[in-house]
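Asks: Pasting a structure below so you can have a look.
The values are calculated or read from the model by the stated rules, or taken from the named source; none is laboratory data. It should be emphasised that the depicted structure is a prediction, and the values quoted were computed from it without experimental measurement. The area values use the complete protein model at the heavy-atom level, side chains included, leaving out ligands, DNA and RNA. Shrake-Rupley method; radii C 1.70, N 1.55, O 1.52, S 1.80 Å.
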Amino acid sequence: RKFYFNVADESLDAVSALLTDYQQTQAIGMNITSRQTMIDQYEAQTRSSSVMGSAVSVVIALVGVLNFINSMVTAIVSRKREFAVIQSVGMTKKQLNRMLVNEGLFYAVLKLAASYLLSSLAVGVVVRAMVEGGFTTFRFTLLPLVACTPVLIFFAVLIPYLCFRNLDKHSIVERLRSAAG
């Protein structure tokens, strides 16, 4: 059986105490679901959804950063011979290193611009339209992308620098021979 009580806000505490006393003395197995119980359940469910969404966001961000690192390393390592030829005709190590770091920053800025634009369109327009009129509230934030921005820029500078240091361990002649053979 279910009983519903329509109680004024000022009498809520008195009725809650009366029902709790009745439950403890007369009907020990009876369940009481109050307005506060429903609020607590909703907050727990919302918190659970938020944690799950945050975990998925962190995984996607990690995959994105690792993909960026992988593409940067692949682009630099595959151009070993090109760098050796450029150095053999007079480009200094400092100039080559600066060129690689600038390329990394260019790729990072390009990816960030595309990410900001696409996420604003996808989430701000499409997802908002999907949840509009429902019983939930929608808050759009770019905070996760803003948090990833310095990480991506850091790796855009660090990866070319480290790859160049690794390539620079060998002489220009060795790099030209190994790439040609």
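Asks: Specify the residue with the greatest mean-square fluctuation among ASN67, ASN31, ASN102, computed from a Gaussian network of the chain linking alpha-carbon atoms under 10 Å apart.
Replies: Maximum fluctuation in the GNM of the chain, among the listed residues, is at ASN31.
Asks: Output the 0 to 90 degree angle, nearest 10, between the alpha-carbon long axis of helix 143-167 and the longest principal axis computed from the alpha carbons of the chain.
Replies: Computed tilt is about 30 degrees.
Asks: GNM, the chain, Cα, under 10 Å: largest mean-square fluctuation among ALA14, ALA44, ALA147?
Replies: ALA14
Asks: Would you work out the relative contact order for the chain, in percent, from Cα pairs under 8 angstrom that are 6 or more residues apart?
Replies: The normalised contact order for the chain reaches 33 percent.
Asks: What's the angle, to the nearest 10 degrees (0 to 90), between helix 93-121's Cα axis and the longest principal axis of the chain?
Replies: Between the helix axis and the principal axis of the chain, the angle is about 30 degrees.
Asks: Dimensions of the chain along principal axes (Cα, Å, largest first)?
Replies: 94, 33, 26
Asks: Counting only pairs 8 or more places apart or on different chains, how many lysine pairs in the chain have C-alpha atoms closer than 19 Å?
Replies: Counting lysine pairs in the chain gives 5.
Asks: Relative to the longest principal axis of the chain, what angle (0 to 90°, nearest 10) does the C-alpha long axis of helix 12-25 take?
Replies: Compared with the principal axis, the helix lies near 80 degrees.
Asks: Counting only protein heavy atoms, what percent of the accessible surface of the stretch 33-181 is carbon or sulfur at a 1.4 Å probe?
Replies: 67 percent
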